[in-house]
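S.K.: To start, I am sharing the structure in question, which I have written as structure tokens.
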Amino acid sequence: MRPWNRSGPSRVITLVLADTAVIRALGAAHSRQAADLDAVAATLRSVPGPGCAAAFGPVGVRFLAALTEAIARESGVAAQLSERVATAGGTAEASAAAYGGTERRVGQSITAVGG
């Protein structure tokens, strides 16, 4: 059925299905991944350790400075990615909750599978 015809608007039935269990699982997976990325960022911030300068000696000073700068930059990237993934996890959780609220409000299930 087309949403518009020559005699005027026609009724369009919209079917919405949402697997809220999968949406919640996605949110939880994003939260775990964000925690993993936080750990990566923290580990990167601790590298290179204090013994590196002695190990490389005066010959490796420029290399060690460049390495330290690159690691600091990548640590920041991991931290930003963690923030974004955590936000995505929160959005997935909020979406699942909104679908559930809609189901209760209209008295009809829109959950495809799970719940």
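S.K.: List every residue whose amide H lies under 5 Å from the amide H of A18, counting only residues 5 or more places away in sequence or on a different chain, with H placed 1.01 Å from N in the peptide plane.
M.R.: Placed amide hydrogens put T111, A112 under 5 Å from A18.
S.K.: Output ³J(HN,Hα) for segment 84-97: one whole-Hz value per residue in order, computed from phi by the Karplus curve 6.51 cos²θ - 1.76 cosθ + 1.60 with θ = phi - 60°, and x for Gly and Pro.
M.R.: Each residue's phi maps through the Karplus curve to give 5, 5, 4, 4, 4, x, x, 5, 4, 4, 5, 5, 4, 5 Hz.
S.K.: Then there is this: For a quick protection proxy, order the peptides 56-64, 36-44 by their average other-Cβ count within 10 Å, most packed first.
M.R.: In descending order of packing, they fall as 36-44, 56-64.
Each reported figure results from applying straightforward, stated rules to the coordinates on display, with no laboratory input. Just so you know, these numbers come straight off a predicted model, no measurement behind them. Note: ideal-geometry Cβ built from the backbone for every residue, glycine included; neighbour counts use all protein chains shown.
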